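The values are calculated or read from the model by the stated rules, or taken from the named source; none is laboratory data. For clarity, every value in this text was computed on a predicted model and none was experimentally measured. As a convention, Cβ positions derive from the backbone with ideal geometry for all residues, glycine included, and neighbour counts pool all protein chains shown.
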Amino acid sequence: MFAISPARPSDFPAIARLQQASPEAAQWPVGDYSNFNVLLARLNGLPVGFLAWRQTAPDEAELLNLAVDPPMRRQGVARALLGAFQSAANGALFLEVAEPNLAARKLYESRGWAVVGVRSGYYESGRINAIVMKKGS
């Protein structure tokens, strides 16, 4: 089973490695994570995934970034991180996902997220749409 805990600044190098191994995830400067809540998933003490989020209002939170080490995909890491995010955040949950990222979209839909909008040309200098998804009321 995976251990999920809040990330510390000393975890940022591992988060950078996970992010770099996941080109479909947002590629942020690692220091930016200090401004947000970050959950880190570990298996046998080794970082295998992370989820960054923020509480945007008392009754609304936003998933900002999610990445899982490629060899660990389809083993429940992302589901565990999403569950921890849902438990930690208050109110309705929102996210944006690149339209071509079908694996992520299927994961979110399987966990109860629904499409609520499209942001045309949101990614890659206007070439890729963002699908806006919501979970909860």
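Just a few scattered comments:
- Arg119 under 16 Å from Gly83 (Cα atoms) and either at pLDDT 95 or above or surrounded by fewer than 16 Cβ atoms within 10 Å (Cβ to Cβ) (or both): no
- Ala104 vs. criteria more than 30 Å from Arg127 (Cβ to Cβ), buried (at least 17 other Cβ atoms within 10 Å of the Cβ) and out of contact with any Ser or Thr (no Cβ under 6 Å at 6 or more places or on another chain): no
- For the range 63-70, the count of residues that are within 24 Å of Gly126 (Cα to Cα), aliphatic (A, V, I, L, M) and in contact with a Ser or Thr (Cβ under 9 Å, 6 or more places away or on another chain) is at least one.
- Taken over the range 2-58, the residue count meeting the criterion of being farther than 19 Å from Asn101 by Cβ and either in a helix (DSSP H, G or I) or without any contact (Cβ under 8 Å) to a residue 60 or more places away in the chain (or both) is 39.
- Only one of the numbered conditions (1) touching a Lys or Arg at 6+ places or on another chain (Cβ under 6 Å); (2) within 26 Å of Gln20 (Cβ to Cβ); (3) small (Gly, Ala, Ser); (4) surrounded by fewer than 16 Cβ atoms within 10 Å (Cβ to Cβ) is violated by Ser34, and that is (1).
- Flag: Gly45 matches the condition of being on the phi > 0 side of the Ramachandran plot and surrounded by fewer than 19 Cβ atoms within 10 Å (Cβ to Cβ).
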